[in-house]
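Worksheet for the structure shown next.
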Amino acid sequence: MKKEESQAILKNISKVKREKLGKSIPIEIFRVFRHFSQIYAEELLGEKAKNILFVNAGKELGLTVGENLYNRSFERYIDNVKKFLKDKKIGILDITEISENKLVFQLDECITCSGMDNIGKRICFFEVGLVAGIVEAYFGKSKKVLAKETKCNANGEGICEVSVYIT
């Protein structure tokens, strides 16, 4: 998707006119939409395609958000991202490992699965894409970014974690 197209979509969906109900919805409603969408996507497209669909959607948002929050200083950039994710109630982001070719992000209070029972699988494909997009927005096309969910609340691991490999 082109940068201008992503920016236009984000601008359009950010316009909310709900004078009596406001902008917020209960997290349960979001999760119903999110989880049933994943189930239906898997039934129609298969598991791999479903995962790619949600990862790519998250990545588009991550790229767009990253471009809007960009700062040359990596520390300031990540601080901007952390504030955005917390303000939008997506989760509380922390970096637990930084090396030349690997970053590990933890997302506490993840919007998709925090507090869920252990269902025995990792399900935060959108968040994986979001983090990948955010990292890619910082490094640009000069580096290849591969992200993988390495922990998930829904898998009984107590927190969501995304490992990002940079080449």
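For this structure, a couple of remarks:
- Sequence of TYR138, TYR77, TYR40, TYR70 once ranked by neighbouring C-beta atoms within 10 Å, starting from the fewest: TYR40, TYR70, TYR77, TYR138
- Rg/Rg_ref, the chain, where Rg_ref = 2.2 N^0.38 Å and atoms are Cα: 1.03
- Exposure proxy shown here: for LEU85, LEU61, the number of other Cβ atoms within 10 Å sets the order, fewest to most, as LEU61, LEU85.
- Dmax and Rg, reported as Rg then Dmax, of the stretch 55-108 (C-alpha, Å): 11.2, 30
- Neighbour count of at most 10 Cβ within 10 Å plus DSSP loop: longest trypsin sites (Lys or Arg not before Pro)-free window in the chain: 24-71
- The stretch between THR150 and GLU75, if pulled fully straight at 0.36 nm per residue, gains 24.7 nm over its current Cα-Cα span.
- Once you reduce the stretch 1-73 and the stretch 98-167 to the center of their Cα atoms, the two points are 16 Å from each other.
- Across the chain: Cys residues that no other cysteine approaches within a C-beta distance under 4.7 Å: CYS113, CYS124, CYS152
- 24 Å Cα-Cα threshold exceeded, pairs from LYS23/LYS83; LYS11/LYS143; LYS11/LYS86: LYS11/LYS143
Since every read-out is calculated from the coordinates, none of them should be taken as a lab result. In this text, all values refer to a predicted model and were calculated from it rather than measured experimentally. Backbone-built Cβ (ideal geometry, glycine too); neighbour counts: all protein chains shown.
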